[in-house]
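The values are calculated or read from the model by the stated rules, or taken from the named source; none is laboratory data. Worth saying up front: this structure is predicted, and the values here are computed from it rather than measured. Because the Cβ atoms are built from the backbone with ideal geometry, glycine has one as well, and the counts that use them run over all protein chains shown. Only protein heavy atoms, including side chains, enter the accessible area calculation; ligands, DNA and RNA are left aside. Shrake-Rupley method; radii C 1.70, N 1.55, O 1.52, S 1.80 Å.
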Amino acid sequence: MASLNDIRSTFLEFFQSNDHRVVDSSPLIPRNDPTLMFVNSGMVQFKNLFTGQETRDYQRATTAQKCVRAGGKHNDLDNVGYTARHHTFFEMMGNFSFGDYFKEQAIPLAWDLITKEFGIPKEKLYVTVYHTDDEAANIWKKYAGLPDDRIIRIATDDNFWRMGPTGPCGPCTEIFYDHGDHIWGGPPGSPEEDGDRFIEIWNVVFMQNEQFADGSMKPLDMQSIDTGMGLERMAALLQGSHDNYDTDLMRDLIEASAHATHVDPYGDQNVHHRVIADHLRSTSFLIADGVLPSNEGRGYVLRRIMRRAMRHAHLLGAKDPVMHQLVPALVKQMGQAYPELTQGQALIEETLLLEETRFKTTLDRGLKLLDDETAGMDKGASLAGETAFKLYDTYGFPLDLTQDALREKGIEVDTAGFDAAMDEQKAKARAAWAGSGDAADETVWFDIAQDKGTTEFLGYDTETAEGQI
Ligand code: ATP
Ligand code: MG
Ligand code: MG
Ligand code: MG
């Protein structure tokens with residue numbers, strides 16, 4: 001059976017043999033791109049090649065790109081643990097043409113790889129095209145021999161790909177695999193499309209436009225290709241499952257989590273192991289690329305993912321910190337393809353251990369408070385914003401962790417109330433400082449401290465400061 005590492009190699013070698021340059025994954029932190037929090041797709045490192053701002057000594061490339069989708073336009077954090085096909089960290093396999101080939105070659109290349117190299121049976125495959133894209137529909141019909149009812153026209157943004165609010169973009173065609181009627185879900189465009197029966201495996205984007213911040217869109221000078229195939233989804237498929245977490249690599253991580261917590265990897269508690277395995281990857285790769293937990297920006301997203309994982313470890317009854325114990329299993333699986341993981345191993349372990357040790361001091365008590373506050377509540381009720389704020393401020397619970405904890409109970413959080421409590425605290429802190437000297441300077445100082453995280457700054461309540469670490 002092909003392992004995930006084998007499938008990655010097959011993909012890259014296929015495109016290399018079709019004259020594509022194998023290019024390394026870029027780090028997860030986009031360079032010189034304030035529009036994006038983390039790299040969320042293979043095209044990000046090539047953005048300027050599509051717009052013609054930059055040229056290189058190759059016009060065709062192929063990559064395995066590290067991606068994190070835990071914020072911004074593409075955010076899958078809330079899908080993890082709920083769908084079989086989403087991770088916060090995943091590898092996107094891609095082939096790219098910068099003004100070289102276009103639709104006529106991109107579709108045949110993708111089709112040959114999946115049906116010939118990977119041997120996926122044609123009867124299980126469906127494709128979508130942007131509703132006005134007759135050209136793509138015709139290529140599918142002619143080259144792949146797909147019948148009309150397997151070429152689904154979609155008028156929504158699902159078939160018009162955008163990296164974010166600005167940048168190169170264009171219509172796309174997507175390839176779906178039908179995992180069978182034992183799994184809930186319907187074909188793309190149907191009301192049940194969100195299920196995991198028909199899984200999108202590959203998106204082939206016809207880059208031909210650029211989107212600007214004012215909402216306008218202009219055609220690009222050249223026509224290019226940008227594709228993204230989810231490596232874990234392909235591995236699941238080729239290993240006979242619809243479930244990304246049922247692949248060699250993820251199973252190893254789930255077993256490491258089971259070993260560290262002494263809880264059956266495939267019993268009722270499996271969802272906790274899945275979340276832990278997923279979040280282990282995103283946090284480790286982010287740390288390896290230089291992000292450290294903090295109270296703002298990228299560092300806060302990292303902290304939020306870490307703490308979510310830690311709550312799940314707690315729910316498995318873990319007494320001691322868990323996450324750092326799982327790093328060796330990850331390095332063993334992925335360290336060869338991504339040497340930064342091996343190099344960063346000690347830092348990753350230390351960072352996870354420190355964060356989990358700190359968070360453990362307040363996690364128990366915070367969860368108890370949450371239980372007490374929601375004890376009598378029915379589904380559909382909402383937790384007071386002030387309580388969510390207290391959890392944030394005193395116990396170090398990011399808002400989304402509280403929401404995640406309440407989701408299974410069907411309880412929401414009054415987020416407007418949370419924001420109001422946050423504003424009130426900021427105002428109080430300002431007032432406290434404004435009284436002690438030159439108000440103008442201190443306001444500026446306060447704003448800076450606020451941006452950098454308030455941990456040391458709000459020293460008037462030690463519990464407050466503790467909770468925010
Ligand atoms: P979906 O509709 O299933 O959420 P998507 O349309 O958001 O996927 P694209 O932006 O088209 O995904 O990304 C290209 C490919 O990357 C997808 O076809 C899929 O194979 C893979 N992919 C996307 N998001 C994830 C994720 N969160 N985890 C794993 N693989 C993913
Ligand atoms: Mg998505
Ligand atoms: Mg999609
Ligand atoms: Mg897609």
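Residue pairs whose Cβ atoms lie under 7 Å apart, separated by 6 or more positions or on different chains, with the first residue in the stretch 81-92 and without any contact (Cβ under 8 Å) to a residue 12 or more places away in the chain and the second part of a strand (DSSP E or B) and more than 11 Å from ligand 2 (Cβ to nearest atom), do not occur. Residues of the stretch 66-105 being within 15 Å of ligand 4 (Cβ to nearest atom) and open to solvent by less than 10 Å² (accessible area, probe 1.4 Å), which ones? Those that are within 15 Å of ligand 4 (Cβ to nearest atom) and open to solvent by less than 10 Å² (accessible area, probe 1.4 Å): CYS67, HIS87, MET93, GLY94. Among the residues of the stretch 123-141, is any of a type in the set (Ser, Thr, Tyr), more than 28 Å from ASP221 (Cβ to Cβ), open to solvent by 10 Å² or more (accessible area, probe 1.4 Å) and without any contact (Cβ under 8 Å) to a residue 60 or more places away in the chain? For the stretch 123-141, residues of a type in the set (Ser, Thr, Tyr), more than 28 Å from ASP221 (Cβ to Cβ), open to solvent by 10 Å² or more (accessible area, probe 1.4 Å) and without any contact (Cβ under 8 Å) to a residue 60 or more places away in the chain: absent. In the set (1) within 16 Å of ligand 2 (Cβ to nearest atom); (2) within 28 Å of HIS272 (Cα to Cα), the condition left unmet by ARG8 is number (1).
In summary, helices (runs of 4 or more DSSP H) completely within the stretch 310-386 and bearing 2 or more residues that are open to solvent by less than 30 Å² (accessible area, probe 1.4 Å) occur at 323-334, 345-374.
Scanning the stretch 44-69 for residues that are at pLDDT below 95 and within 13 Å of ligand 1 (Cβ to nearest atom) yields a count of 1. The one condition from (1) open to solvent by 10 Å² or more (accessible area, probe 1.4 Å); (2) closer than 17 Å to HIS74 by Cβ; (3) of a type in the set (Gly, Ala, Ser) that GLY164 does not meet is (1). Total residues in the stretch 157-172 satisfying the condition of being more than 10 Å from ligand 4 (Cβ to nearest atom) and in contact with a helix residue (DSSP H, G or I) (Cβ under 8 Å, 6 or more places away or on another chain): the figure is 4.
Taken as a whole, the structure places ILE183 among residues that are surrounded by fewer than 18 Cβ atoms within 10 Å (Cβ to Cβ), in contact (Cβ under 8 Å) with a residue 24 or more places away in the chain and either away from ligand 4 (no atom under 16 Å from the Cβ) or within 18 Å of the chain's Cα centre (by Cα) (or both).
Report yes if some residue within the stretch 49-59 is under 23 Å from LEU249 (Cα atoms) and open to solvent by 10 Å² or more (accessible area, probe 1.4 Å); otherwise report no.
Start the filter on the stretch 49-59 by keeping residues that are under 23 Å from LEU249 (Cα atoms), which leaves none.
No, every residue in the stretch 49-59 fails to be under 23 Å from LEU249 (Cα atoms) and open to solvent by 10 Å² or more (accessible area, probe 1.4 Å).
Here ALA144 fits the description: touching a helix residue (DSSP H, G or I) at 6+ places or on another chain (Cβ under 6 Å), buried (at least 19 other Cβ atoms within 10 Å of the Cβ), farther than 26 Å from ASP221 by Cα and modelled with pLDDT of 95 or more.
Looking for something touching a strand residue (DSSP E or B) at 6+ places or on another chain (Cβ under 8 Å), aliphatic (A, V, I, L, M) and without any contact (Cβ under 8 Å) to a residue 60 or more places away in the chain - is there at least one such residue anywhere in the stretch 1-19? There is no residue in the stretch 1-19 that is touching a strand residue (DSSP E or B) at 6+ places or on another chain (Cβ under 8 Å), aliphatic (A, V, I, L, M) and without any contact (Cβ under 8 Å) to a residue 60 or more places away in the chain.
Tell me which residues, restricted to the stretch 118-130, are within 28 Å of the chain's Cα centre (by Cα) and part of a helix (DSSP H, G or I). Can you show your working first?
The initial filter retains those residues of the stretch 118-130 that are within 28 Å of the chain's Cα centre (by Cα), namely 118, 120, 124-130.
The answer is LYS124, and nothing else.
Here the stretch 237-256 is the region considered, the condition is being in contact with a Phe, Trp or Tyr (Cβ under 8 Å, 6 or more places away or on another chain) and hydrophobic (A, V, I, L, M, F, W, C), and the residue that is least open to solvent (accessible area, probe 1.4 Å) is ILE254. Do you know which of the residues in the stretch 186-204 that are within 12 Å of ligand 3 (Cβ to nearest atom) and under 19 Å from the mean Cα position of the chain (by Cα) is farthest from THR115 (Cα to Cα)? Ranking the candidates gives ASP194 first.
Selection of the stretch 291-309 for residues being in contact with a Leu (Cβ under 9 Å, 6 or more places away or on another chain) and not in a helix (DSSP H, G or I) yields VAL291, LEU292, PRO293, SER294.
Determine whether the stretch 257-275 contains at least one residue that is assigned to a strand (DSSP E or B) and open to solvent by less than 10 Å² (accessible area, probe 1.4 Å). Looking through the stretch 257-275, none of the residues is assigned to a strand (DSSP E or B) and open to solvent by less than 10 Å² (accessible area, probe 1.4 Å).
Scanning the stretch 187-223 for residues that are within 17 Å of ARG153 (Cβ to Cβ), open to solvent by less than 30 Å² (accessible area, probe 1.4 Å) and in a strand (DSSP E or B) turns up PHE198, ASN203, VAL204, VAL205, PHE206.
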